[in-house]
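Encoded as structure tokens, the structure appears first; notes follow it.
The values are calculated or read from the model by the stated rules, or taken from the named source; none is laboratory data. Not measured: the values here are computed from a predicted model. Quick reminder, even Gly has a Cβ in these numbers, built from the backbone with ideal geometry, and neighbours come from all protein chains shown. Side chains included, ligands, DNA and RNA excluded: accessible areas come from the protein's heavy atoms. Shrake-Rupley method; radii C 1.70, N 1.55, O 1.52, S 1.80 Å.
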Amino acid sequence: MLHENAWTYYNENDLKALEKLSADYIDFLSEGKTERECTELLVAMAEAKGFRNLDEIIAKGESIAVGDKVYAVNMNKAVMMLNIGKDITTKGMNILGAHIDSPRMDIKQNPLYETEELAYLNTHYYGGIKKYQWVTLPLAIHGVVCKPDGTTVKIALGEKEDEPVFFVSDLLIHLAGDQMKKVAANVVEGEDLDILVGTKPLEGEEKDAVKANILKLLKDYYDIEEEDFWSAELEVVPAGRAREAGFDRSMILSYGHDDRCCAYPSAVALFDVENPDTTSCGLFVDKEEIGSVGATGMESRFFEDTMREILDRMGIYSEINLTRVFRNSRMLSSDVNAAYDPLYASAFEKQNASKFGRGLVFSKFTGSRGKSGSNDANAEYLAKLRAMMDKHNVVYHAAELGKVDIGGGGTIAYILANYGMQVIDSGIPVMSMHAPWEAISKCDLYEAYKGYKAFLIEG
């Protein structure tokens with residue numbers, strides 16, 4: 001249903017299902033603030049639905065057949081799930097692909113220092129952020145410290161009420177005359193995004209006593225040394241749970257909607273479609289915010305190599321069969337769009353902007369300006385998707401990201417399109433995208449789930 005406000009047609013059952021999905025999603029967001037945590041949560045959900053680890057299947061020499069549910073994990077930061085349907089080489093797959101990394105600050109490898117009896121951790125921001133938005137916020141540290149003896153220490157500090165939080169300081173307005181004259185990109189410099197972690201000196205120490213006290217606490221609580229930062233992945237994210245927003249509780253305010261608000265309903269839809277006629281595939285990948293590069297991004301060989309293993313376990317592997325699987329597949333690149341914000345109306349072309357309450361948004365193309373870096377979906381594919389959505393009473397609309405010459409954005413769509421499959425971006429409108437706290441509409445989350453499920457059933 002095009003151009004409908006989803007709230008206007010829900011019955012009691014719809015509202016109950018919407019609120020259940022939203023509550024579960026809030027838990028997912030609150031517990032999964034990094035790509036590692038999201039991978040762990042998604043694997044637990046998959047195993048609860050009967051999915052088996054591909055590595056274990058290979059180790060046992062077992063085969064894979066129609067009806068089997070399989071998942072594979074890539075370096076604890078990405079996961080691929082398949083519910084095997086019929087004739088995979090001729091029918092291909094229905095793929096839901098989303099990314100599970102979000103903009104943040106990463107702690108550097110040699111981060112801890114003291115100056116003027118204040119201890120800091122040095123950071124390097126990740127992804128596209130407005131740096132000034134990250135000052136004076138309660139921040140948490142999530143991640144892992146891997147030690148030379150082979151042990152891994154998990155850290156998630158700053159989320160519980162009885163735990164300390166961290167913050168980046170800002171210059172008080174009384175002294176900020178020169179700062180206020182700077183352009184927004186330089187109001188806060190990247191090298192100034194260091195988090196303050198302590199002010200109490202260690203008794204008996206004369207030099208860098210505050211730093212020494214921090215190191216003692218790290219040793220006491222986590223059994224880690226300063227050198228262990230070298231082999232750590234620690235991410236600094238906004239502290240606190242996702243929350244309902246608005247007097248009417250119609251929205252969700254949280255860190256990390258981009259792109260977990262698409263990853264979560266994609267996973268739930270995948271789990272809810274039992275015994276699909278066509279193979280269902282869920283791709284949840286890392287590094288999209290910095291170009292989908294690296295071993296855990298969509299540009300890696302993980303997708304291809306996993307499919308080779310799957311076809312081998314099915315007894316049908318060959319390079320031509322692999323090519324046929326990819327070429328005969330269809331994909332929804334499940335990624336967010338920028339919700340129309342009337343307070344910043346000049347940045348949008350209103351008629352082609354995504355809007356709260358209008359459900360799942362399809363973006364025929366992304367890219368910037370002259371569609372640079374875009375996957376531009378075929379009209380024939382869009383027509384089929386319209387028919388699917390209408391058949392299943394999904395509220396949806398079409399949009400692009402901002403005015404033509406203002407900017408734009410990218411997704412993983414073009415990478416999958418390189419295989420010759422039909423691909424389009426489809427996701428949820430997000431307000432204040434890439435800010436520490438973003439907002440979505442509950443009904444758009446619900447319609448995305450319905451749309452993804454329809455795609456897996458009909459695609």
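Under the shape rule built on the C-alpha gyration tensor, where the axes satisfy a ≥ b ≥ c, the stretch 339-452 is oblate, since a/c reaches at least 1.5 while a/b does not exceed b/c.
Select from S30, G127, M80 the residue farthest towards the positive end of the dipole of the chain; place +1 on Cβ of Lys and Arg, -1 on Cβ of Asp and Glu, and compute about the Cα centre. The Cα lying farthest towards the positive end belongs to M80. Using a simple spin-label model with pseudo-atoms 7 Å out from Cα toward Cβ, E117 and Y317 lie 6.4 nm apart. In this calculation the C-beta distance from K391 to A59 is compared with R0 = 56 Å, giving a FRET efficiency of 0.85. Need one word for the stretch 255-364: rounded, prolate or oblate. Basis is the Cα gyration tensor (sqrt eigenvalues a ≥ b ≥ c); a/c below 1.5 gives rounded, then a/b vs b/c decides. Taking the square roots of the gyration eigenvalues as a ≥ b ≥ c, the stretch 255-364 is prolate.
Net length available on complete extension from E203 to D277 is 19.8 nm, with 0.36 nm assigned per residue and the Cα-Cα distance removed.
Put the Cα centre of the stretch 210-252 next to the Cα centre of the stretch 300-322 and the gap is 39 Å. Screening the chain for DSSP H helices whose Cα atoms reach 30 Å or more along their own axis and whose mean Kyte hydropathy is at least -1.0 gives nothing. When the solvent-accessible area of the chain is split by element, carbon and sulfur atoms take up 51 percent of it, the probe being 1.4 Å. Peptide packing: for 12-25, 244-257, 172-185, the average count of neighbouring Cβ atoms within 10 Å per residue gives the ranking 244-257, 12-25, 172-185, highest mean first.
Mind giving me the FRET efficiency for A184 and D305? R0 is 41 Å, r the Cβ-Cβ distance, nearest 0.05 is fine. If you can, show how the numbers build up before the last one.
Numbers: r = 43 Å, r/R0 = 1.04.
The pair A184/D305 has a calculated efficiency of 0.45.
Could you calculate the FRET efficiency of I290 with D170 from 1/(1 + (r/R0)^6), where r is the beta carbon distance between them and R0 is 35 Å, rounded to 0.05? Computed FRET efficiency for I290 and D170 comes out at 0.85.
Where a ≥ b ≥ c are the square roots of the eigenvalues of the C-alpha gyration tensor, would you call the stretch 1-152 rounded, which needs a/c under 1.5, or, failing that, prolate if a/b is larger than b/c, or oblate? Oblate, because a/c is 1.5 or more while a/b does not exceed b/c. Model label sites at A17 and A156, defined 7 Å from Cα along the beta-carbon direction, differ in position by 2.9 nm. Site pair K350 and L382 shows an inter-label distance of 2.2 nm when each label is modelled 7 Å from Cα along Cα→Cβ. May I ask what percent, to the nearest 5, of DSSP beta bridges between residues of the chain are antiparallel? Approximately 70 percent, going by the DSSP bridge assignments. Based on Cα contacts under 8 Å between residues 6+ apart, the stretch 1-72 shows a relative contact order of 22 percent.
Rolling a 1.4 Å probe over the heavy atoms of the protein chains gives the chain an accessible area of 45 Å² per residue.
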